[in-house]
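Novice: A single structure is presented below for examination.
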Amino acid sequence: MKIHVLTVGPLLANCYILTCEETDEAAIIDPGGDADSILREVARLGVDVKVVINTHGHVDHIAANEPVLRATGASLMIHEDDAVMLKSPARNLSLLGGAPLRPVEADRLLRDGDTVAFGREALEVIHTPGHTPGGISLLAGDVLFTGDTLFAMGIGRTDFPGGSYETLLSSIRERLLALPDDTRVYPGHGPETTIGDERRANPFL
């Protein structure tokens, strides 16, 4: 699996295009804005996007869902506890920015332990609530995509509706820190890190 990273939207979210080298099928994690840039990268890579996955339902991770889905014909997936955010500008926070997103319907609602496949690659869904009720992380071997749950030397905010500091810490400590130290972490914002580095030095943990 190859990982291509784009920084998108005014809040500089990480959008990941994951490609299966054997089949040229792809998955997009968190198309949070700049749809034209995302689609140009898809065209440059020459891949067939099969799935779009939102790690959670905030605007900076879902804003480009509609144009990307329309252009690629991909299926949209989000955890069942955040599905309502796709249809609610108040809950996805786009209303606060003065540009409410049009409602989008998920094709598949995810749960903890589910698998999302594209080509010969697969991502395991790990439910990591706290930033939002339906926040998820996605694991593929020694690679972990954490959305806004865990950052390099940081953790997600919990002051938005549905957030819980205690729940977030529990998600990180019980689900993510249980992974091997050499697990590479690709967060929703900022640089990549490893589970080992966060275990040793993250001041919030």
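Each reported figure results from applying straightforward, stated rules to the coordinates on display, with no laboratory input. Worth saying up front: this structure is predicted, and the values here are computed from it rather than measured. For neighbour counting, all protein chains shown are included, and Cβ atoms are generated from backbone atoms with ideal geometry for every residue, glycine included.
Novice: Pick from PRO89, PRO161, PRO187 the residue whose mean-square fluctuation is largest in a GNM of the chain, springs joining Cα atoms under 10 Å.
Specialist: Ranking PRO89, PRO161, PRO187 by mean-square fluctuation puts PRO161 first.
Novice: Something else about it: Could you derive backbone 3J(HN,Hα) for the stretch 40-46 from the dihedral phi with the Karplus parameters 6.51, -1.76 and 1.60 (θ = phi - 60°), listing whole Hz in sequence and x where the residue is Gly or Pro?
Specialist: With the stated coefficients, the stretch 40-46 comes to 5, 5, 4, 5, 4, 6, x Hz.
Novice: Can you show me the helix-derived [θ] at 222 nm for the chain, built from DSSP H runs with n ≥ 4 at -39,500 (n - 2.57) apiece and divided by the number of residues, rounded to the nearest 500. Each step should come with its number before you reach the end.
Specialist: Working: 5 runs with 37 residues, N = 205.
After summing the helix terms and dividing by residue count, I get -4500 deg cm²/dmol.
Novice: Then there's this: So what are the ³J(HN,Hα) numbers for the stretch 133-147, from phi and the Karplus equation (6.51, -1.76, 1.60; θ = phi - 60°), rounded to whole Hz, Gly and Pro as x?
Specialist: So the J values, rounded to whole Hz, are x, x, x, 10, 10, 10, 10, 9, x, 9, 10, 10, 9, 10, x.
Novice: Is the shape of the stretch 2-201 rounded, prolate or oblate, going by the alpha carbon gyration tensor and its root eigenvalues a ≥ b ≥ c, with a/c under 1.5 for rounded and a/b larger than b/c for prolate?
Specialist: Values: a/c = 1.55, a/b = 1.10, b/c = 1.41.
Oblate, since a/c reaches 1.5 and b/c is not below a/b.
Novice: Which whole-angstrom value gives the distance between the alpha carbon centres of the stretch 138-157 and the stretch 104-126?
Specialist: When both Cα centres are located, 16 Å separates them.
Novice: Could you give the Stokes-Einstein D for the stretch 29-127 in µm² per second, using the C-alpha Kirkwood radius, 37 °C, 0.692 mPa s?
Specialist: Working: Rh = 13.8 Å.
For these conditions, the coefficient is 238 µm²/s.
Novice: Which one of LEU69, VAL59, SER88 has its Cα pushed farthest toward the positive end of the charge dipole of the stretch 27-108, where Lys and Arg give +1 and Asp and Glu give -1 at the Cβ?
Specialist: Positive-most Cα among the choices belongs to LEU69.
Novice: Which whole-number percent is the relative contact order of the stretch 2-201 (Cα, under 8 Å, 6+ apart)? Spell out each step's value before the answer.
Specialist: Details: 468 pairs, mean separation 31.0, N = 200.
Worked out over the stretch 2-201, it gives 15 percent.
Novice: Counting other C-beta atoms within 10 Å, and keeping those with at most 16, which DSSP coil trypsin sites (Lys or Arg not before Pro) do you find in the stretch 1-102? All intermediate terms of the calculation are to be shown ahead of the outcome.
Specialist: Values: sites: LYS2, ARG40, ARG44, LYS50, ARG70, LYS87, ARG91; in loops: LYS87, ARG91.
Those that pass, being in a loop and sparsely packed, are LYS87.
Novice: Work out the length of the dipole vector of the chain about its Cα centre, built from +1 on the beta-carbon of each Lys and Arg and -1 on the beta-carbon of each Asp and Glu, and round it to the nearest 20 debye.
Specialist: Numbers: 17 positive and 30 negative charges, 75 e Å.
It works out to roughly 360 debye.
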